[in-house]
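Okay, structure first, notes after.
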Amino acid sequence: MKLVIVESPSKGKTIQKYLGSGFKVMASGGHICDLPERTLGIDVGNEFKPEYVVATAKKKLLADLKSAVKDSESAFLATDPDREGEAISWHLATLLGLKGASRIEFNEISSKAVQRAIKSPREINMNLVDAQQARRVLDRLVGYKVSPIISKSIKPGLSGGRVQSAALKMVVDREREIRAFVPEEYWSLYALLNKLSNKKLTLKALFHDINGKKTKVENKEQADAILSALKTADWIVENVKRGRSKTSPAPPFMTSTMQQDGSQKLGIPATEIMKIAQQLYEGVDIAGEGHIAFVTYIRTDSIRVSAEMQKESLEYIKAKYGQDYAPEKPNFYASKSQNTQDAHEAVRPISLERTPESVKDKLSKNQYRLYKLIYDRFIASQMTDAVYDTLNVRIEARAGSGEKFGFKLSGRSVVFKGYTVVYESAEVREEDELQSNLPDLNEGEKLTLQELKPEQKFTKPPSRYSEATLIKAMEENGIGRPSTYASVLAVFAKREYTEKEQKLMKPTALGESVNDFMELYFANIVDSHFTAEMEERLDKIEHQGIRWQDVLGDFWPSFQTELQKAYAENKQRAPKVEEESEVVCDKCGKKMVFRDGKYGKFLACPGYPACKNVKNIDEHLGTCPKCGKDIHKCYSKAGKMFYGCNGYPDCKFMSWDIPAPIMCPHCVSVMKIVEEGGEKAYLCTNKNCKEVVKLPKA
């Protein structure tokens, strides 16, 4: 019997099916050991030597693994193909006494990939292990040292971190930029024109210049002066440029782009995208087939596709869409990052024969939606360009004064759809008055004016970050790595550093306070350039083999100085005066006080530690539409907030929004409270329904 150790029990089921009875597959359940929970666990004076401990919950599992190793003729370590997986294999090899351990890895959980991996084991890659150790130790040092100072200075239960604090600064800076924004007035002038030969065809052209010099219309007086001159002008087509343009497909997904498009197109939070993607990677139980994996490894910054899969995809495209949709040579995409882990492939389907529609009734709704997104994006990435006919026209309005007012008209029409028959990017093209039906215009042709349409406009402030745009900005600024983006967003929600306003991220007052504190005392930690440079140095441990202890040694002295200053200036801070409530402690009779905790305010007895009585604050946030009891804030194991019924476990109602006290009268879905025209209303959360119940005016 041969032993194979994986990380996930779910993944293990799929692999066991492919390997058969000659193998025993066991799961470590992630890290078998880690830094201790309640102490720093790092010997700073001894080259940052980490103290690894086996968690109490993992001791029985470790004993079972040791027994299995003894009973096996050989053992393979098949943890995930990344830094974290390599470190887990290293810990397992050390704890289980597997000298010269047989490390195997595969980018996809398919029979072919697993069998191939078993035949080509390798030794553990210590560069990968050291890269993981460096990140783990560095993040522990920052989080463990900074968080207590923030918690003491602002409120208990807060945290600061190497990546999260730099990302929070981006959100806060954007909000302050929005507040400081002063809108500027400008005017867009449109001319609705007709051809002499076709009065039914209306052309909409946008004012651009005066006598060839681009002109911005800044106020009504300027607009009125131009409009007055145009009323008696002659309209002539001055220049016509026809051409062809192409747009190329986007590359297949890597982790960050999957999170971005998933958030934008599916409306699913990044944390949930990663959870669903993990299920598709590890395998899903399919009736009659067992445990089936659908996609390749989902934590990758590579957009490479294997030659074998490229060949297969071209044959698939030719068969389904036709020869014209398959390029003569496969499409190749260059990674923007020099440190891309190119041993991995992009996120793609394992089998093209397993189409989204063929498994729609076998997957959950969101599993199907994400699988379809991954599948379609991959197929599109291997297809030919979309081709368009383009038209750019300059129309002159020649006034009696001799001035020439230039107007522009642009158009584009599809010649060949190419990859767009399958998938279009979530990014929206912004092109002024782009017309899909190209008019037949010729230079020197006269036009007649139907109407002039002036529109007063104001410049807009930059938009708040959505989850998708923040992930994109973090990636562009080198803050964190693909595997960390979702966890950073989860921390923001859990600590209540940000809140959602129309699906956009807005920093809370608490989030701004934490950011200001970090900027004051730990300027390097929140500086995006410093953070990006640190990421590059951490990557060099993996790619160039530099000593991880040297990277931490360069960072520690200045960080220690910052810590000492922050601690010295905040240790004498006067304790906050606790607000007394009217609630009497039912254990000792004292009036309970309000205190801040990890998940918000609660009531505590001031007699602590002699009396440790605590109570939740009965904050009425709404009424349960199922049983009529109060609704209150709850938190998932991942720290994500939702609204649940006080009647749990008898009533298991929950909602991501504060619920209305009634269910939808049309489809019996949850309704949420919204404002319609300044008045409150109930809106159905079912996207296919969207029933609105208007409330009587007060």
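The values are calculated or read from the model by the stated rules, or taken from the named source; none is laboratory data. Please read all numbers here as calculations on a predicted model, not as lab measurements. Positions of Cβ are backbone-derived with ideal geometry, glycine not excepted, and every protein chain shown enters the neighbour counts. Side chains are part of the model used for accessible areas, which takes the heavy atoms of the whole protein and leaves out ligands, DNA and RNA. Shrake-Rupley method; radii C 1.70, N 1.55, O 1.52, S 1.80 Å.
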Legend entry - Above-threshold pairs, the threshold being 27 Å between Cα atoms, out of 320/362; 169/365; 652/690; 169/500; 13/265: 169/365; 13/265
Inset, instruction - Report, in cubic angstrom per residue, the convex hull volume of the C-alpha atoms of the range 212-296. - result: 270
Legend entry - Zone of residue 287's modelled label, taken as backbone nitrogen in the range 353-369 under 18 Å from a point 7 Å along Cα→Cβ: 357-368
Inset, instruction - Tell me the Kirkwood hydrodynamic radius of the chain in angstroms, computed as one over the mean inverse distance between distinct C-alpha pairs. - result: 30.1
Inset, instruction - Using Cα pairs closer than 8 Å and at least 6 residues apart in sequence, work out the relative contact order for the range 1-107, in percent. - result: 30
Inset, instruction - Considering the options 230, 194, 167, tell which one lies farthest towards the positive end of the dipole of the range 163-265, charges being +1 on Lys and Arg and -1 on Asp and Glu at the Cβ, about the Cα centre. - result: 194
Inset, instruction - Write out the GluC sites (Glu not before Pro) in the range 494-590 meeting two conditions: DSSP loop, and at most 14 other Cβ atoms within 10 Å of their Cβ. - result: 578, 579
Legend entry - the range 210-346 - charge dipole about Cα centre, Lys and Arg +1 at Cβ, Asp and Glu -1, debye rounded to 20: 780
Inset, instruction - Compute the distance in nm between two label points, each set 7 Å from the Cα along the Cα-to-Cβ direction, one at residue 21 and one at residue 536. - result: 5.8
Legend entry - Relative contact order, percent, the chain [alpha-carbon distance under 8 Å, six or more residues apart]: 14
Inset, instruction - In whole angstrom, note down how far apart the Cα centers of the range 108-177 and the range 432-508 are. - result: 29
Inset, instruction - Using 0.36 nm per residue of separation minus the Cα-Cα distance, give me the extension gain between residue 147 and residue 504 in nm, one decimal. - result: 125.9 nm
Legend entry - Evaluated at q = 0.29 Å⁻¹: base-10 log I(q)/I(0), Debye formula over Cα of the range 480-538: -1.14
Inset, instruction - Using the charge dipole of the range 231-305 (Lys, Arg: +1 at Cβ; Asp, Glu: -1 at Cβ; taken about the Cα centre), state which of 281, 267, 240 has its Cα farthest towards the positive end. - result: 240
Legend entry - Modelled FRET efficiency - R0 51 Å, residue 364 with residue 229, Cβ distances, 0.05 increments: 0.20
Inset, instruction - Find the relative contact order for the range 125-225 and round it to a whole percent, using C-alpha pairs within less than 8 Å whose residues are 6+ positions apart. - result: 16
Inset, instruction - Sort 371, 521, 52 by accessible area with a 1.4 Å probe, largest first. - result: 52, 521, 371
Inset, instruction - Could you pull the accessible area for residue 112 with a 1.4 Å probe, rounded to 10 Å²? - result: 110
Legend entry - Extension gain from residue 613 to residue 351, taking 0.36 nm per residue of separation minus the Cα-Cα distance: 88.6 nm
Legend entry - Percent breakdown of C-alpha pair distances by 5 Å bin, ordered from the shortest bin, for the range 265-305: 6, 20, 22, 22, 19, 9, 3
Inset, instruction - Obtain the nm distance between the two label points defined at residue 387 and residue 690 by a simple spin-label model: each point lies 7 Å from its Cα along the Cα-to-C-beta direction. - result: 3.7
Legend entry - Area accessible to solvent at residue 543, 1.4 Å probe radius, in Å²: 80
Inset, instruction - Would you mind computing the Rg to Rh ratio of the range 359-497 from its alpha-carbon coordinates, Kirkwood style for Rh? - result: 1.12
Legend entry - Which of 234, 385, 361, 82 is most accessible, then next, and so on - probe 1.4 Å: 361, 234, 385, 82
Legend entry - Solvent-accessible surface (1.4 angstrom probe) belonging to residue 169, in square angstrom, nearest 10: 40
Legend entry - Residue order for 299, 103 - accessible surface, 1.4 angstrom probe, largest first: 299, 103
Legend entry - Translational diffusion coefficient (Stokes-Einstein; Kirkwood radius from C-alpha pairs) of the range 21-127 at 4 °C, 1.567 mPa s, in µm²/s: 86
Legend entry - CD proxy at 222 nm, helix term only [per DSSP H run n ≥ 4: -39500 (n - 2.57); per residue of the chain; nearest 500]: -11000 deg cm²/dmol
